[in-house]
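> Got a structure here, written out as structure tokens. Questions coming.
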Amino acid sequence: MNSLVQDNITHLIIMNLSKQIILLEKLTGKKVILEPTLSIEEGEGQLSEQDLDMLKKFISYCLDRLDIHEMPVIQLTVKRAEGSTTGGYVPNDNFIVTYTKGRHILDVSRTIAHELKHVDQVQNDRLEVDDEDSAESPSEIEATVFAAKIMRDFSKEFPEIYRESLKRKKRLLK
Ligand SMILES: [Zn+2]
């Protein structure tokens, strides 16, 4: 790719594989472990390569425990829209957005797990749209509980999610 073109690219979009996966599942009759579909916005405050590798592993770990038929695009953004929270899900576009700047990978991971649970709820007709905004709605509680549990399980299985960030902290303090 020529460098002029590369300079103009702000989003790296990895091709959505959901259609191929569905086809493969039909052909083989087996559940395919989904690969995360990430759109990574370049810029200051984006996750490091190491953290991104860990995050991909985490997303696959979540997908393995959810019933998602159509893989959403997960955007990692460094530009927070005014008044927006740490993340959100747009069901009509099957699109998750997560703010990464200045946030620890554990927080980013928790946000993504929460939103992925909403994807599961929508794709299995279990999200009560009226309750979307209420922190006490059953769908919201379910997403929060799912995220908490999966964070606990994943960090038990892959404690390096803590170690990597500790190393980075030490480097920064020098
Ligand atoms: Zn929610």
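> Hey, which of these cross-link pairs are over 30 Å Cα-Cα: Lys26/Lys79; Lys26/Lys101; Lys30/Lys56; Lys30/Lys101; Lys30/Lys57? Intermediate results must be reported in sequence, preceding the final value.
Details: Lys26/Lys79 39 Å; Lys26/Lys101 40 Å; Lys30/Lys56 22 Å; Lys30/Lys101 38 Å; Lys30/Lys57 21 Å.
Violating the 30 Å Cα-Cα cut-off are Lys26/Lys79; Lys26/Lys101; Lys30/Lys101.
> Under 5 Å between amide H atoms, partner at least 5 residues away or on a different chain: which partners does Ser39 have, H built in plane at 1.01 Å?
Excluding prolines and chain starts, which carry no amide H, the hits are Ile74, Gln75, Leu76.
We did not get these values from a lab; they are worked out from the coordinates using the rules stated. Quantities reported herein were computed from a predicted structural model and do not represent experimental measurements.
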